[in-house]
Amino acid sequence: MPTAPLPALPQPHAEPISRVLELWGSDAVRGLSDAEAERRLQSHGPNTLTRRGGTPWWLRFVLQFNNPLLITLLVVGSVKLAQGHPRDALVIWSVTVINAVIGFVQESKAEDAIAALARSVQTEVEVVRDGRRRRLDSAQLVPGDLVSLQAGARVPADLRLLQCRNLQADESALTGESLPVGKGTTAVEAEAPLAERIGMAYAGSFVTAGQGLGLVVATGDRTQVGCISTSLQEQVDLTTPLTRKFARFSRTLLRAILVVAALTFLVGVVRGRGAEEMFDGAVALAVGAIPEELPAIVTITLAIGVHRMARRRAIIRRLPAVEALGSTTVICSDKTGTLTQNRMTVRHLYGGGALMAIEELWPANGSFSNVALQETVLAGLLCNDARPSTREGLVGDPTETALLAAAHSIGIDRQAAMDRHPRRDAIPFESEQQFMATLHGSERILLKGSVEAVLQRCSRQLDAAGRPRPLDRAAIEAAVARMAAQGERVLAFAIGQADPSLDQLEHRHVAADLDFLGLQGMLDPPRPEAIRAVAACQAAGIRVKMITGDHLETARAIALQLGIGRDLGQNAGPPPEVVAVDGPELATVDPDALAGLVDRVDVFARVAPAQKLQLVRALQANGEVVAMTGDGVNDAPALKQADIGIAMGEGGTEVARQAADMLLTDDNFATIEAAVEEGRTVYLNLRKTLAFVLPVNGGASMTILLSAVLGAPLPITALQVLWLNMICSLTMSLALAFEPIAPQLMVQPPRPPEQPLLTGGLIRRVLVVSLFNWAVIYGLFFWGQHHSGGLALARTMAVQGLVLAHLVYLVSISQLRRGLRTLPRLGWRALMQAPATLLAIAGTLAVQAVFSQTPAMNSFFGTAPLDLELLLICALPMLLMLPVAWLGEQLDPTDGAARPGPALPLSPK
């Protein structure tokens, strides 16, 4: 094989297979050698797209100022500079720059983190090297590699197809063709457009059906998708419905602030005060009322939520999913591997009229009196794509590995069986047909699949002696019911006679006239953590519905063990009543009646992929916020339709991953419950931030407005208001973004998705605390002015008193409050429940000491040093804040704890 750089081959679609193999120095059976593949990897580089340069850092920093609130402050600072007040302008600009820097740094971290998480989900491919099949990271592919394609796989590089079996590919990302395209191995004209090159499979497209084998002819930037990757490259988008809601809120608030500031200016001038003095008052009012830090805090809080979810094995691919998770009302979950352990074990066998536990056949040494049972176990071994591995044990689908383990347990040697019955062809399993078939050199056709799919193709059955008898459907269905009632998944097996000359198996060969062999019932027990997670979801007012392809009774039995079907809020008590329907029954339901049905039903069994989409739409029509899990090719439409599409990171297809909003790296239902908890925490922390920030701005602006109306001196200057914003609104509120999960968060019903950002309770809370802040500022200002006569000292006392009072308010809405309650029992460990809040308090006290006690800050901000007596007087509002904070908590709870109120709505039955 050549080791020099490979020749350019711009038109492999026009070359015959033999010519392409010759040019690439590869072999159609053995592929490349490991040594040659390594040399080509060094020469061509990894099979990855070169990351295109995004927005330059300086432009991303400038865009941080593209906010109406910050733009207003920049304009105000410019006016102050033009008036000859450079110090005021410098401070105003400093606040905007500090906010921009924080937003820039955190946004950059969020973008890098989300992009890294997306890249961490590797795509593995099956490659033939040195004549052996192996799985590799797609980045290790090189030109000349042989790649196997299966339904659900993403094409990892540009391939010239060598073999095809009912192969279809979705090339919509490249061609715009919405329907899958049939593939073959025939060369076409050199000028044929990309959409007509049936002998090619291009990187970035998805295999929707069939199987194939292709030769890699281009990797990385040399692929078709690499040539246009600038337009296809997925960009990290940090805008979400919540950030857009905050932006609208900011614009509305800004207009109101500017109107009030203008009125303040006019009222003061009318009352005979100087225009420059009133302009300073209007500026102070605008600066005090504008919550310029909110956009940055929203982005930071969402980014923290993404990091926390990743640590709990939930990778967020689209940031809005963080918000949607917090208001989820229904989770539609697959059963196998998500709610269960994905470790199937054959428990019972049926054949020749006998139903027995597999333990009764140990040890059988591969031979026993019931021929039908023996053939059933042999069929499970041969009609099977799983394989043993010296390093990994049994490798393959859990159902198929269970069949291999069953055959091994009763003494059937796999290699000897395959030597006697070598496989010649196969029809792979696909969810629509619900069966797999294999053709063997021993002139037999074996069929494995769902009971319904197999029985409808059988006209006879084998008895215990191996003789054909009329099909006894009633006895078979009774055996199925007995196994399914124990939660077992039941597979049926059949055999047919093949013509010796047959070398390609087609659907017509297994359409009818087969002999039924028997059944194998296997059990995949529920995950213990899934049982707890289902109970937690129900306690949180979230209904869990199981959607599976398994038999109805199997699904109902597993649902019963999981506790699915209990009323919301019910964690214990008698076993739930599980309401279940199957796919055929679902297909007969009138579309108008479907919405009512999905509300009552807990388990949907034998569901086709297309029906999942109908179920999601019906639930959404009922006003539910739906999270849907999926792992197959045809699950993609339902995942896209759901409010939160959840794909499996381990067992899911690449198609499902691309359609999903979130990936589970452990395929575990408990991870969904953890992600919902984190989503609720994100929203709760944002509400805490609003509840903390707005009263600071409200109190300051009310103070300045009243001073202008009364013609009194300003209790705080514009510079001091900016200092308050930097300390109270920014430093302390950032700590709330890092708040841990509230202990009682998952006993609350889901947040209504239409709930406004500012609820009535939150508005009342903001007004109450704002009035208190106004009273603190005015009270300390007047006291200081009358007892000392100094305007600077009075203003210093007003600022210090407000900051100290807000330290108490910060504790009252943070997790630190809960820590203080448990301090006698847990000691200082209790305070570690909110370390960010402790740091914020310590930092605030330190900078406030500098603010009032150092000559440089006194000169810059117009403050005066305070002695111990005055500092103690400034601390009095801390005590007064306690009942105010309690009242605010009653008006609008922000800690996620349960509150007395109406009972959770019961799950409709």
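List the helices (runs of 4 or more DSSP H) that sit entirely inside segment 1-99 and contain at least 1 residues that are β-branched (Val, Ile, Thr), at pLDDT 80 or above and open to solvent by less than 50 Å² (accessible area, probe 1.4 Å).
17-24
Would you say ASP385 is modelled with pLDDT of 90 or more and not basic (Lys, Arg)?
Spelling it out, it is not the case that ASP385 is modelled with pLDDT of 90 or more and not basic (Lys, Arg).
Identify the residue in segment 326-339 that is open to solvent by less than 10 Å² (accessible area, probe 1.4 Å) and at pLDDT 85 or above and, among all such residues, is farthest from GLY487 (Cα to Cα).
Applying the first criterion (open to solvent by less than 10 Å² (accessible area, probe 1.4 Å)) to segment 326-339 yields 326-328, 330-333, 335, 337-339.
Now narrow it down to the ones that are at pLDDT 85 or above: 327-328, 330-333, 339.
Numbers: SER327: 32, THR328: 29, VAL330: 24, ILE331: 21, CYS332: 19, SER333: 17, LEU339: 13 Å.
That would be SER327.
Tell me, which helices (runs of 4 or more DSSP H) wholly within segment 159-277 include 1 or more residues that are surrounded by 18 or more Cβ atoms within 10 Å (Cβ to Cβ) and at pLDDT 80 or above? So that I can check it myself, show each step before the final result.
Values: elements: 172-175, 224-227, 229-232, 241-270.
Counting at least 1 such residues, we get 224-227, 241-270.
Identify all residues within segment 489-505 that are farther than 30 Å from ALA475 by Cα and open to solvent by 70 Å² or more (accessible area, probe 1.4 Å); write none if there are none.
Once the filter is applied, which keeps residues that are farther than 30 Å from ALA475 by Cα and open to solvent by 70 Å² or more (accessible area, probe 1.4 Å), segment 489-505 yields ASP499, PRO500, SER501, ASP503, GLN504.
Got a number for residues in segment 838-894 being touching a helix residue (DSSP H, G or I) at 6+ places or on another chain (Cβ under 7 Å), of a type in the set (Ser, Thr, Tyr) and within 14 Å of THR796 (Cα to Cα)?
Here the count works out to 2.
Quickly run through segment 863-909 and pick out the residues that are at pLDDT 90 or above and part of a loop (DSSP other than H, G, I, E, B).
If the condition is that a residue be at pLDDT 90 or above and part of a loop (DSSP other than H, G, I, E, B), then THR863, ALA864, PRO865, LEU866, ASP867 are the ones that fit.
Looking at segment 863-885 only, could you name the residues that are over 15 Å from GLY801 (Cα atoms) and open to solvent by 30 Å² or more (accessible area, probe 1.4 Å)?
Of everything in segment 863-885, just one residue is over 15 Å from GLY801 (Cα atoms) and open to solvent by 30 Å² or more (accessible area, probe 1.4 Å), namely PRO883.
Checking HIS421 against (1) touching a Ser or Thr at 6+ places or on another chain (Cβ under 6 Å); (2) touching a residue at least 60 places away in the same chain (Cβ under 8 Å): exactly one of these is not met. Which one?
All conditions pass for HIS421, except number (2).
This table checks each residue for (1) within 9 Å of LEU381 (Cα to Cα); (2) part of a strand (DSSP E or B).
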residue: LEU394; (1), (2): no, yes
residue: THR399; (1), (2): no, no
residue: LEU403; (1), (2): yes, no
residue: GLY411; (1), (2): no, no
residue: ALA416; (1), (2): no, no
residue: ASP419; (1), (2): no, no
residue: ASP425; (1), (2): no, yes
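Give me a count of the residues in segment 393-448 that are open to solvent by less than 40 Å² (accessible area, probe 1.4 Å), among the hydrophobic types (A, V, I, L, M, F, W, C) and closer than 20 Å to ARG343 by Cα.
7
Residue check, GLN461 against (1) under 42 Å from the mean Cα position of the chain (by Cα); (2) part of a strand (DSSP E or B); (3) not small (Gly, Ala, Ser), all met but one. Which one?
If we test GLN461 against (1) under 42 Å from the mean Cα position of the chain (by Cα); (2) part of a strand (DSSP E or B); (3) not small (Gly, Ala, Ser), just (1) comes out false.
Show the residue pairs that are 6+ apart or on different chains and have beta-carbon atoms under 8 Å apart, the first residue being within segment 776-802 and aromatic (Phe, Trp, Tyr), the second being assigned to a helix (DSSP H, G or I) and open to solvent by less than 10 Å² (accessible area, probe 1.4 Å).
TYR778/THR703; TYR778/ALA798; PHE781/ALA794; PHE781/MET797; PHE781/ALA798; PHE782/ALA794; TRP783/ALA794; TRP783/MET797
Among the candidates ALA478, ALA453, which residue alone is in a helix (DSSP H, G or I), within 35 Å of the chain's Cα centre (by Cα) and under 21 Å from ALA555 (Cβ atoms)? Break it down stepwise before answering.
Numbers: ALA478 fails: within 35 Å of the chain's Cα centre (by Cα).
None of the other options fit; the residue is ALA453.
Select from segment 527-567 the residues that are open to solvent by 10 Å² or more (accessible area, probe 1.4 Å) and charged (D, E, K, R) and list them in ascending order.
ARG527, GLU529, ARG532, ARG543, GLU553, ARG556, ARG566, ASP567
The values are calculated or read from the model by the stated rules, or taken from the named source; none is laboratory data. What you see is a predicted model, and the numbers here were worked out from it, not measured in a lab. Please note: Cβ atoms are built from the backbone with ideal geometry, for glycine as well, and neighbour counts cover all protein chains shown. Accessible surface areas use protein heavy atoms only, side chains included; no ligands, DNA or RNA. Shrake-Rupley method; radii C 1.70, N 1.55, O 1.52, S 1.80 Å.
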